[in-house]
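The values are calculated or read from the model by the stated rules, or taken from the named source; none is laboratory data. For clarity, every value in this text was computed on a predicted model and none was experimentally measured. Because the Cβ atoms are built from the backbone with ideal geometry, glycine has one as well, and the counts that use them run over all protein chains shown. For the accessible areas, the whole protein counts, side chains as well, though only heavy atoms, and no ligand, DNA or RNA atoms are used. Shrake-Rupley method; radii C 1.70, N 1.55, O 1.52, S 1.80 Å.
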Amino acid sequence: GVEFLPMGRALTKYNGLDEYWWRALSPTKDAYTVRADQHIDSGYFIRVEPDAIVDYPLQACMYLSEDKLAQGVHNVVIAEEGSHLHLITGCATAAHVRSGLHVGASEFYVKKGATISFTMIHNWPEEMAVRPRTGIVVEEGGTFISNYVCLVAAEDMQSYPTATLRGRGAVATFNSVLLARPGSLFDTGSRIVMEAEECRGDIISRAVSTGGRVIARGHIIGAADRVKAHLECKGLLLSDEGVIHAIPELEGRRSDVEMTHEAAVGKIARDEIEYLMARGLTEDEATGLIIRGFLSLDIVGLPPALKAELDAMIADTEGAT
């Protein structure tokens, strides 16, 4: 029930994908979408047939094997009516690659009653510039869930996916977990535009800075009646050299909306550390345990091997303190 093609083959097979190509995302949004439109190297096309339930996660990877290379990709994912897909993607580089540019345009189309769960785990070198651009369209009763994890250094990463809920009862959820080590800049966020009645949206962000800079954005627009949404940005500062800037935005355009937000930035409370130390942990062990608990994200359907790797990356944050 799944069609999985390189983008070049998909464009040929479907005569340019006119119904989906640059429909969820504008090619003139900024300089990076213009570049993605003019310089496409590859990408993937995924289409799940109506009512098909994909039992195992699909996996894809964008990989850079040359130093100082600029990579441009365009991805299109379609979940037809009543279907269900969990997609896990990762972006990484060869061991000798230290710098480069990744520009990725991704479009997701969630049809009536369908679900897409999208998990992205980034693994970049310290001098990498990363520019993903993502648009999502969710129809009536559809659900889009995004899990974004980046626990390694990246010199300059900028991401701001936008989900447009166009059908009654559509749902969008964005979860992000970031660890900003010294020298890193993460300018990330999510936007949910609720255009139909009874839609729901959640944006949940967790960020830890051990010396890097994080700009955590969130924007929810309630443009229809009886919509509900929550935005939560929490940051943990472990170094005076680090910066966490939380920018939550709620925009209500109708009288019958219910939207809330919570933003907090601070350090680890001393009494929490002392509580754990009183139970036999060292100060470093107590600090590491609190950080791991803060960053932990339960991702439904994550394969055991990948879950173990993610847990190991989170555990490694103890050394970052």
Using the Cα atoms as the points, what is the convex hull volume per residue of region 142-185 in Å³? 52
Computed for region 1-143: size of charge dipole around the Cα centre, +1 on C-beta of each Lys and Arg, -1 on C-beta of each Asp and Glu, debye to nearest 20, value 340
Debye intensity ratio I(q)/I(0), log10, region 41-182, q values 0.10 Å⁻¹ (C-alpha model): -0.35
How much length is gained on full extension from Tyr160 to Ala92, taking 0.36 nm per residue of separation minus their Cα-Cα distance? 22.5 nm
Once the Cβ-Cβ distance between Ser99 and Lys13 is put in as r, and R0 is 25 Å, what FRET efficiency do you end up with, to the nearest 0.05? 0.10
Work out the length of the dipole vector of region 1-69 about its Cα centre, built from +1 on the beta-carbon of each Lys and Arg and -1 on the beta-carbon of each Asp and Glu, and round it to the nearest 20 debye. 200
Quick one: what does P(r) look like for the chain with 20 Å bins over all Cα pairs, in whole %? 31, 58, 10, 0
With +1 on each Lys and Arg Cβ and -1 on each Asp and Glu Cβ, and nothing else charged, work out how big the dipole of the chain is about its Cα centre, in Debye to the nearest 20. 540
Which FRET efficiency value, to the nearest 0.05, is calculated for Thr282 and Glu126 with the Förster distance at 41 angstrom and r the Cβ-Cβ distance? 0.90
How high is the relative contact order of the chain, in percent, with contacts defined as C-alpha pairs under 8 Å that are six or more residues apart? 10
Can you tell me the orientation of helix 304-315 relative to the chain, as the angle in degrees between its alpha-carbon axis and the longest Cα principal axis, to the nearest 10? 40
Taking every DSSP beta bridge that has both residues in the chain, what percent is antiparallel when rounded to the nearest 5? 5
Starting from the Cα of Asp225, step 7 Å along the direction of its Cβ; do the same at Arg292; then give the gap between the two resulting points in nm. 5.1
Rounded to the nearest whole Å², what accessible area per residue is found for the chain with the 1.4 Å probe? 44
Skipping prolines and chain starts, which residues have an amide H placed within reach, meaning under 5 Å, of the one on Gln71, given they are 5 or more residues away or on another chain? Leu101, His102, Val103
Using a 1.4 angstrom probe on heavy atoms only, work out the carbon and sulfur share of the accessible area of region 155-245 in %. 42
Where does helix 283-295 land angle-wise versus the long Cα axis of the chain, in degrees 0 to 90, nearest 10? 20
Given 10 Å bins starting at zero, what is the percent of C-alpha pairs of region 129-258 in each, up to the one with the largest pair distance? 14, 42, 27, 14, 2
With no solvent and one equal point scatterer per Cα, compute the Debye intensity ratio I(q)/I(0) for region 18-92 at 0.25 Å⁻¹ and report its log10, rounded to two decimals. -1.20
